[in-house]
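Chemist: Shown below is the structure under consideration.
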Amino acid sequence: EAQLKVSREVGPVNLLGQFNYSPNFFGSSGDAYYLEGGADWKTGIWDLTLGGRVGHQWIQRNVRFGTPDYTWWSVAISREFAIEGIGTISASIGYYDTSIGRRDC
């Protein structure tokens, strides 16, 4: 699998992009492509970060993989906590969803 990730900070916003390609995806389902974009905004309130993502997965042989091509998306708010002797822990609450219906799961 090959992966390309890019990010760019513009003031309090971090823009993100990712592309993945797999020539031999899970279960011999052929080529797979994944594209994702998003942004994280440092709100300046209580060290909270608001983030959003959207991604899409294309799979060559969907029947073999078991699901159709799909899109997913999320919106989340997170905060990092520095804990002495342990390191940094991140807490997050968000909404995550996909375009896959229950029938296709």
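The values are calculated or read from the model by the stated rules, or taken from the named source; none is laboratory data. Every value quoted in this text rests on a predicted model; they were computed, and no experiment measured them. Ideal geometry is used to build each Cβ from the backbone, glycine not excepted, and the neighbour counts take in all protein chains shown. The protein model used for the area step is the full one, side chains on, heavy atoms only, and it has no ligands, DNA or RNA in it. Shrake-Rupley method; radii C 1.70, N 1.55, O 1.52, S 1.80 Å.
Chemist: Which of the listed residues, G87, G17, G44, is farthest toward the dipole's positive end in the chain, when Lys, Arg count +1 and Asp, Glu count -1 at the beta-carbon?
Modeler: G17
Chemist: Sticking with this structure for a sec: Out of (i) 0.95; (ii) 1.00; (iii) 1.07, which label holds the value of Rg/Rh (Cα atoms, Kirkwood Rh) that was computed here?
Modeler: Label (iii) holds the value from this structure.
Chemist: Tell me the mean residue ellipticity at 222 nm calculated for the chain from its helices only (DSSP H runs of n ≥ 4, each -39500 (n - 2.57), averaged over every residue, nearest 500).
Modeler: Values: 1 runs with 4 residues, N = 105.
Calculated from helices alone, the mean residue ellipticity at 222 nm is -500 deg cm²/dmol.
Chemist: If you don't mind, another one. Can you work out ³J(HN,Hα) from phi for every residue in the range 43-55, in order, using Karplus 6.51 cos²θ - 1.76 cosθ + 1.60 and θ = phi - 60°, giving whole Hz and x for Gly and Pro?
Modeler: My calculation for the range 43-55 gives 5, x, 10, 6, 6, 7, 10, 9, x, x, 9, 9, x Hz in order.
Chemist: About its Cα centre, what dipole magnitude does the chain give when the only charges are +1 on Lys and Arg Cβ and -1 on Asp and Glu Cβ, stated in debye to the nearest 20?
Modeler: In debye, rounded to 20, the chain gives about 280.
Chemist: Which value, in Å², gives the accessible area per residue of the range 50-99 when a 1.4 Å probe is used on the protein heavy atoms?
Modeler: 70 Å²
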